[in-house]
Amino acid sequence: MSLSFVGRVVLVTGAGGGLGREYALAFAARGASVVVNDLGADTKGGGKSSAAADKVVEEIRAKGGKAVANYDSVEDGEKLIQSALDAFGRIDVVVNNAGILRDRSFARTSDLDWDLIHRVHLRGSFLVTRAAWNHMKNQKFGRIIMTASAAGIYGNFGQANYSAAKLGMLGLANTLAIEGHKYNILCNTIAPVAGSRMTETIMPPDLVASLKPEYVAPLVLWLCHEQCQETGSLFEVGAGWIGKLRWERTQGQIVRKKNQPMTPEAVRDQWDRVCDFTNATKPANVQESLESVVSVLSQVESEGEVGMNPTAAATSAASGGGINPAKAVGQKLPTTSFTFTQTQCILYALGVGMSTKDPDHLRFLYEGHPDFSSLPTFGVIPSQSSMMGGGLSSVPGLNIDFTQVLHGEQYLELYKPLPTSGTLTSESTVADVLDKGSGAVILLDVNTYSGNELVCYNQFSVFVVGAGGFGGKRSSEKAKAPLPPPKRAPDAVVIDSTTRDQAALYRLSGDWNPLHIDPSFAAMGGFKTPILHGLCSFGFAGRHVLKQFADNDPSRFKAIKVRFAKPVIPGQSLQTEMWKEGNRIHMQCKVKETGAVVLAGAYVDLHGPTNASPENPIQGGDLQSELVFAEIGRRIKDLGSELVKKVNAVFGWEITKDGKKAAEWTIDLKNGSGSLHKGPYSGKVDVTFTVSDEDFMEVVMGKLVPQKAFFAGKLKVKGNIMLSQKLEVILKDYAKL
Ligand code: NAI
């Protein structure tokens, strides 16, 4: 079906010639009533004549079309719209097309050159559009075109004034698209190329003749038709070709480190990364743009420091520089096997601080106990030999200085409870190699089998100081990432002391690095005294969670992740802070004496229902938000029509509990006299908020401002983010509840 404009009233500014004339003729040919505006100025804005507009009106009328002329400048925006209302009673479409040029090299641009250009292009478009806005809003239909230019998008010598004004129009259009959306006012921008009197001074005559304005007009007509739903977009158009433009953004680079000032040197050193368009993203709105910027705050918080726990491999000899991820990734290390008896299990349990002082510990210390078991974190022991054995140094593409290796992070997942004796084999693969600038991170995945059965999986994250800058990627989907703890007081805290001989005991489980026992060796590494094994603190923290939240039942232990932040000296006390979030127990381990965080971004995942410690009962039961929605439902019944007038939007809510979706609500304050729905909603939702039951209550009680909740990542918004401003209007009243 052909696109008709019968019944529509269209204003085209600057329609006395060039592109504007073409638009006016094309709209009229398809039934529109057209206001042909033109001041009749010369290209520099001088002079005035009604002839230009009159001529186009005559042309239209001669073909049986409807048109009136308007000779006002776009600077008298109201008058142009009044012409449309006087002649045709309404205004549906505004094409901001009028324009002049005052090209000068920048140094020679006078105030007048600057102001005139801005007054006609940017301010004129603002005034005309503003005059039309409320009419469009009331009739819930409007189509607006802004005319930008390649000079604005890319810059052009001698057109500083014009470029600035033209791109200003794009910014104006972007915001009008957002504000107009709910009234069906759509706004797009074009950057045309066509032969006209404006271009005849810069283009050869045959090009002026062949780049016809009629190759631009059809795009303008389509964008202004009621069938077209495009809005907030930018198009280049000419010669019969149309292309759409959007923003592209590099992955970028974080150049700031936790607790350190951000410096221009860091910016210089990471410049190539900042500007590298590999895997570029395409943020489409302020929300998408902000989300990624705001997420940097928590990334810096959790990634700011480098793991500080030297591994046994640090004793190996240096082997020169050079990392080649293409060669290294996917390489398998020699298979290792580990044969053990109950002795190793008990030795390990003692190594991570278990004691007969605590009767609960007997099941891990006494082979005659009816529930004798291995501690779940013992799962790192069979696999560590792949790393300790210097296997990494045999991997092609990993020519690194093994004296510079630190154990950065550890992840362990169990597929069944560990046996208390037998032979386990481990297969190790270099899962990924990352370039962190200051160093390289090697992710080593180790699968450990009993016969053919997979028992557990470890991911060692090894940091090699000084080995970065080989041009590799910064992050990997294969990495098991540390997670920051919730921002509230911990649900449980356990304090436990290590003994002076803790490292001497722990090393008997297989990590023989002298760093943990030999003072002179430790001094070479820059430590005043030998330090505890990171995996020993890991064992302490793991068993604290096991006792506190899983009744010391190893079959409930699914996985553990830690990042080694600082070393511990044997004899210091460990303070494990724990936060229960469903079956995930976030944790952080500090040295009690110094307050230094030694295990960061850590968590344990448990199977099945977890028990709260008696002094910290975990709240279960119904969602608190149910009550609020019930009350909202009642209010809508009473005051629905009034709220619809005030708010005019449909809000979706996804309420989560323990990280999972727990309820779905829709507050329709747009249709009829408003309504509340529970469960899936069939109509169009303008904006959807996802928030936890607890945070929802905070917002409702007025303790948490929605905007702050958004920036803190507690409130996710999908759809028209501007509407979140209305949240306060809706929710404020309920603080009284
Ligand atoms: P044109 O000079 O043929 O048309 C501009 C019209 O605007 C003229 O008829 C002029 O009298 C009118 N006008 C100037 N000041 C006015 C005012 N204050 N109030 C009302 N009318 C006024 O030029 P053309 O090429 O048709 O340009 C149309 C639009 O497209 C302009 O905004 C121009 O900047 C833009 N453009 C054109 C390109 C091209 O290749 N032709 C390239 C990029 C942008």
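Each residue in segment 200-237 was checked for being away from the ligand (no atom under 16 Å from the Cβ) and either open to solvent by 60 Å² or more (accessible area, probe 1.4 Å) or touching a Phe, Trp or Tyr at 6+ places or on another chain (Cβ under 7 Å) (or both), and 5 pass. The sole residue among S2, S50 that is open to solvent by 40 Å² or more (accessible area, probe 1.4 Å), within 15 Å of the ligand (Cβ to nearest atom) and out of contact with any Cys (no Cβ under 7 Å at 6 or more places or on another chain) is S50. For segment 118-172, a residue qualifies if it is aromatic (F, W, Y) and away from the ligand (no atom under 14 Å from the Cβ), and the qualifying residues are W133, F141, F157.
Taking residues in segment 178-199 that are closer than 16 Å to S149 by Cα, and partners anywhere that are surrounded by fewer than 23 Cβ atoms within 10 Å (Cβ to Cβ) and among the acidic types (D, E), the pairs with Cβ atoms closer than 7 Å and at least 6 places apart or on different chains are N188/E230; A191/E236. Checking each residue in segment 233-270 for being modelled with pLDDT of 95 or more and touching a Cys at 6+ places or on another chain (Cβ under 7 Å) picks out no residue at all.
Picking from residues in segment 8-46 that are more than 9 Å from the ligand (Cβ to nearest atom), free of Cβ contacts under 8 Å to residues at least 40 places away in the same chain and part of a loop (DSSP other than H, G, I, E, B), the one that is surrounded by the fewest Cβ atoms within 10 Å (Cβ to Cβ) is G46. So for segment 114-122 (the condition being within 21 Å of A160 (Cβ to Cβ) and surrounded by fewer than 16 Cβ atoms within 10 Å (Cβ to Cβ)), does at least one residue qualify? The answer is yes; a qualifying residue exists. The number of residues in segment 90-113 being assigned to a loop (DSSP other than H, G, I, E, B), open to solvent by 60 Å² or more (accessible area, probe 1.4 Å) and more than 12 Å from the ligand (Cβ to nearest atom) comes to 1. Would you confirm, using the coordinates I've provided, whether S475 is open to solvent by 50 Å² or more (accessible area, probe 1.4 Å), touching a residue at least 60 places away in the same chain (Cβ under 8 Å) and either of a type in the set (D, E) or under 21 Å from Q251 (Cα atoms) (or both)? In short, no.
Can you find a residue that is over 30 Å from D276 (Cα atoms), assigned to a helix (DSSP H, G or I) and among the hydrophobic types (A, V, I, L, M, F, W, C) anywhere in segment 228-235? The answer is no, given that none of the residues of segment 228-235 is over 30 Å from D276 (Cα atoms), assigned to a helix (DSSP H, G or I) and among the hydrophobic types (A, V, I, L, M, F, W, C).
Filtering segment 59-89 to residues that are within 14 Å of the ligand (Cβ to nearest atom) and aliphatic (A, V, I, L, M) leaves A69, V74, L80, I81.
The values are calculated or read from the model by the stated rules, or taken from the named source; none is laboratory data. No experiment lies behind these values; they were computed from the predicted model shown. Don't worry about glycine lacking a Cβ; one is built from the backbone with ideal geometry, like all the others, and counts go over all protein chains shown. All accessible areas refer to the heavy atoms of the entire protein, side chains included, with ligands and DNA or RNA removed. Shrake-Rupley method; radii C 1.70, N 1.55, O 1.52, S 1.80 Å.
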